[in-house]
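Trainee: Following this message is one structure expressed as C-alpha cells.
The values are calculated or read from the model by the stated rules, or taken from the named source; none is laboratory data. Predicted, not measured: the structure shown is a model, and the values here were computed from it. Positions of Cβ are generated from backbone atoms using ideal geometry, with glycine treated the same way; all protein chains shown enter the neighbour counts.
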Amino acid sequence: MREISMFTMVSLDGFFEGKGHDLSWHKVDSEFNNFAIRQLKEADTLIMGSKTYQLMEGFWPTKAGLRENPVVARMMNTMQKIVFSKTLGKVKETEYWKNVRLVKNNVAGELKKLKKLPGKDLLILASSNLCTTLLEMDLLDELRIMINPVVIGNGTRLFEGFKFKLSLSLFNTKTFGNGNVLLYYRVSPQ
C-alpha cells in the first residue's frame, strides 16, 4: 500500500512560512536541490492545499522557476497534482503546469482510495492546514520536517490549530552542509 508523506521546511522557532507567506528564509542550495529531486522521484502524486497550490502554480511554471532549477521545475510541472480545497473554485492546467485536479469533498475517502492504487508514494508539500487535517484524520504515515537554522519571529506555525497529542517516532535524520537538518518521523496511530 502506498504511503502518504508530508515534507516541509520550518524555521528553528517552528514557523513553516513567514508573515505574508514569506519563504525567502529557506536555505536552498545544490545539495537541497539534489535531495528534492530524489524525493520527487520517490512519489508519483503531489498533494497540496489551496495556498500551497497557488504558491507552487505561481512559481514553478514561470521563467523564474524554470531558471532556478529546471529539473525540479520539470518534475513539479508534469507530476500528478491533487489540490484539496473547499475554497478554490477551480484549478487550471497550462502548457507547463499539467496533471492537476481539484478535490473539494471527502478528503479522507479520496486519500484512502489513492493509497490502495498501485504506484509510488503520495507526497504532501508544505500545506499546514491540510497537514493538520490529515493528522487529525489519522491519514499521514510520515512527516519529513527540515529545520532551517534561522529564527524568523513570526508567521504561520506548522501545526497551527492542532488540538491533540500526537506520538511520533524518529527513524532517520540527515544533516545538510548549509545547516539544515531533516527529521524523518513515523506517525503513530492515534
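Trainee: Pick out the one residue from Lys19, Lys41 that is of a type in the set (Lys, Arg), modelled with pLDDT of 90 or more and within 16 Å of the chain's Cα centre (by Cα). Explain how you work it out, then say what you get.
Mentor: Values: Lys19 fails: within 16 Å of the chain's Cα centre (by Cα).
Answer to the check: Lys41.
Trainee: Any idea how many residues of segment 1-16 are at pLDDT 95 or above and β-branched (Val, Ile, Thr)?
Mentor: Going through segment 1-16 one residue at a time, the tally reaches 1.
Trainee: For segment 72-81, check the following and say yes or no: at least one residue is on the phi < 0 side of the Ramachandran plot, in contact (Cβ under 8 Å) with a residue 60 or more places away in the chain and in a loop (DSSP other than H, G, I, E, B). Give the steps one after another, and end with the answer.
Mentor: First pass over segment 72-81, keeping only residues on the phi < 0 side of the Ramachandran plot: 72-81.
Still in the running and in contact (Cβ under 8 Å) with a residue 60 or more places away in the chain: none.
No, because not a single residue in segment 72-81 is on the phi < 0 side of the Ramachandran plot, in contact (Cβ under 8 Å) with a residue 60 or more places away in the chain and in a loop (DSSP other than H, G, I, E, B).
Trainee: Separate question: Which pairs have Cβ atoms under 7 Å, sit 6 or more apart or on different chains, and link a residue in segment 16-35 that is touching a residue at least 24 places away in the same chain (Cβ under 8 Å) and in a helix (DSSP H, G or I) to one that is among the small types (Gly, Ala, Ser) and buried (at least 16 other Cβ atoms within 10 Å of the Cβ)?
Mentor: Once the first residue is touching a residue at least 24 places away in the same chain (Cβ under 8 Å) and in a helix (DSSP H, G or I) and sits in segment 16-35, its partners that are among the small types (Gly, Ala, Ser) and buried (at least 16 other Cβ atoms within 10 Å of the Cβ) give Lys19/Gly155.
Trainee: Could you list, in sequence order, all residues of segment 148-190 that are free of Cβ contacts under 8 Å to residues at least 24 places away in the same chain and surrounded by 11 or more Cβ atoms within 10 Å (Cβ to Cβ)? Walk me through it before giving the result.
Mentor: Kept after step one, since they are free of Cβ contacts under 8 Å to residues at least 24 places away in the same chain, are these residues of segment 148-190: 165, 167, 169-173, 175, 188.
Asn172, the sole residue that qualifies.
Trainee: Pick from segment 136-147 the residues that are acidic (Asp, Glu) and in a loop (DSSP other than H, G, I, E, B): which of them is surrounded by the most Cβ atoms within 10 Å (Cβ to Cβ)?
Mentor: From segment 136-147, those acidic (Asp, Glu) are 136, 138, 141-142; that's our starting set.
Subsequent filtering for residues that are in a loop (DSSP other than H, G, I, E, B) retains 138, 141.
Working: Asp138: 14, Asp141: 18.
Step by step, filter segment 136-147, then rank; the result is Asp141.
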